[in-house]
Amino acid sequence: MKFLRASRLEIFVAVLFLLNGVLLFPGTQWLRFAIRAAPYVGSVGAFLLVKRPFAAPAAPGAFAMVVVLALLLANMLHPQTQPGAGIAQIVLQLAIVCPTFWAARFVEDDRHLMRLLAVFFICNALGSVVGILQIYDPDRFLPAHFSAEVSSSWLESLTFVSPDGRTLVRPPGLSDLPGGAAMSGSLAAIMGLAFSARKGARFWVRFVCFVAALAGISVLYLTQVRSLTFTTLAAMVFMALFSVRQHHTWNHAWLAGAIAVLVLGAFTWAVSVGGEKIRDRFLNISDRGVVASYDASRGWFWRYTFGDALDQYPLGAGLGRWGAMSTYFAADRPESPPLWAEIQLTGWLYDGGVPMWIAYASGLALSMLFIFRMALSNLYGQVLPFAAVVIFCVNANVIGASFTGPSFNTTMGLEYWLLSAVLFGAARRHQVHPVAR
């Protein structure tokens with residue numbers, strides 16, 4: 001029992017990332033809803049088990065998240081709300097932001113924080129390696145059945161032909177969705193790069209972390225998720241910039257060389273495995289430009305959000321009308337038809353209008369400002385600022401992903417608030433029990 005209490009965060013992270021791997025095995029699709037719901041149930045459960053959850057200082061951004069939840073409750077009164085789906089949406093958002101209130105309590109010290117980041121990294125490195133194996137031996141490592149949400153025509157659009165003539169599916173990793181390995185690949189690349197470039201790391205640690213980062217960025221290329229690829233590269237740039245300030249913590253020569261090898265070497269290998277479709281998917285951007293490419297794929301959703309949607313729903317459209325909660329729980333009500341949100345801003349507008357934009361943006365700004373200050377601080381030794389850089393890069397990646405999909409309506413949002421909270425908890429512990437490092 002003592003071990004379980006001491007490892008609550010690590011167990012939660014393992015469930016968050018690894019439980020979906022059960023869906024790779026035959027006959028498990030009937031468990032899909034329970035498996036997908038488990039991290040959210042665990043988050044709410046941890047909150048309910050904490051004694052006096054509001055007694056201790058909450059992580060930066062927590063008050064803004066209380067306002068977000070209040071706006072969701074208020075929007076339940078909207079005449080076009082889907083009651084069942086609306087309640088489910090409130091529970092989902094509560095689960096996503098819950099770590100802001102409980103996770104800091106479970107962090108023992110900065111070493112515990114680093115151990116937790118290591119579990120994050122190992123889980124996502126494993127997902128990336130599985131993604132690579134799904135390319136080399138799809139018969140053995142691909143899911144026995146893809147999610148029922150994936151139609152045959154959609155699945156066909158997510159395949160590509162390798163140079164040796166094989167038809168391959170974008171690697172799902174530890175999931176049953178084609179391309180599902182993208183997020184694992186992104187996190188493995190960012191965290192593997194950081195751990196490999198840390199000054200003083202043993203050679204075998206540096207080597208293993210770099211190989212895992214290489215697997216991560218390679219599988220990210222193979223999923224062909226360009227938006228997440230570019231936010232991952234941006235996170236690496238952030239890391240390099242932070243390393244200039246934390247010169248005593250980072251091996252600059254290794255970091256620079258590793259970024260070059262990861263970006264170029266992994267792309268070369270991915271093209272050799274995935275063929276022209278992989279190459280054209282990324283290199284065609286240079287012909288059109290990043291902005292034009294983004295506008296072609298997501299520009300309409302921005303124009304709709306700040307045009308028709310904003311005019312129609314300045315204070316929200318009613319809860320339960322978009323996303324997974326609408327799919328699972330909405331009733332057939334002609335006066336409250338389902339809505340589509342391709343980007344997170346649209347979803348927030350539906351859920352609470354402009355006040356929701358302000359509240360959620362405030363929470364993100366406050367949490368990122370805290371992490372940024374921690375990364376530049378000289379008051380916490382070397383471990384916490386290093387961890388803060390890793391968390392800043394990962395969380396910036398999640399924010400970037402929200403411009404191409406509703407990342408804060410998924411486990412990515414849960415990861416964001418969990419990492420922000422555990423850093424805050426470690427910082428508070430350090431202030432109470434400072435240790436020279």
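The values are calculated or read from the model by the stated rules, or taken from the named source; none is laboratory data. Fair warning: this is a prediction, and the values are worked out from it, not measured in the lab. No Cβ is skipped: glycine too gets one built from the backbone with ideal geometry, and neighbour counts run over all protein chains shown. Note: accessible area is taken over every heavy atom of the protein model, side chains too, but ligands, DNA and RNA are not part of it. Shrake-Rupley method; radii C 1.70, N 1.55, O 1.52, S 1.80 Å.
Just a few scattered comments:
- Single condition Phe47 does not satisfy, out of (1) among the aromatic types (Phe, Trp, Tyr); (2) within 25 Å of the chain's Cα centre (by Cα); (3) at pLDDT below 85: (3)
- Of all residue pairs spaced 6 or more apart or on separate chains, those with beta-carbon atoms under 6 Å, a first member in region 290-311 that is closer than 16 Å to Val354 by Cβ and a second member that is among the hydroxyl-bearing types (Ser, Thr, Tyr) are Thr305/Thr346.
- Residue-level check: of (1) touching a residue at least 60 places away in the same chain (Cβ under 8 Å); (2) open to solvent by 50 Å² or more (accessible area, probe 1.4 Å), Leu73 misses just (1).
- Of all residues in region 235-255, none are touching a helix residue (DSSP H, G or I) at 6+ places or on another chain (Cβ under 7 Å), more than 23 Å from Lys199 (Cβ to Cβ), in a helix (DSSP H, G or I) and at pLDDT 90 or above.
- Being closer than 23 Å to Met412 by Cα, crowded, with 24+ Cβ neighbours inside 10 Å, at pLDDT 95 or above and polar (S, T, N, Q) holds for only one residue in Ser367, Ser362, and it is Ser367.
- When Leu228, Leu283, Leu222 are checked against the criterion of being open to solvent by 40 Å² or more (accessible area, probe 1.4 Å), in a helix (DSSP H, G or I) and under 30 Å from Gly165 (Cα atoms), Leu283 stands alone in meeting it.
- Scanning region 76-112 for residues that are open to solvent by 60 Å² or more (accessible area, probe 1.4 Å) and closer than 19 Å to Asp332 by Cα yields Leu77, Pro79, Pro83, Ile87.
- Note on region 316-355: residues that are outside any helix (DSSP H, G or I), out of contact with any Lys or Arg (no Cβ under 8 Å at 6 or more places or on another chain) and open to solvent by less than 20 Å² (accessible area, probe 1.4 Å) total 8.
- Restricted to region 135-156, and to residues there that are part of a helix (DSSP H, G or I) and not aromatic (Phe, Trp, Tyr), the residue that is most open to solvent (accessible area, probe 1.4 Å) is Arg140.
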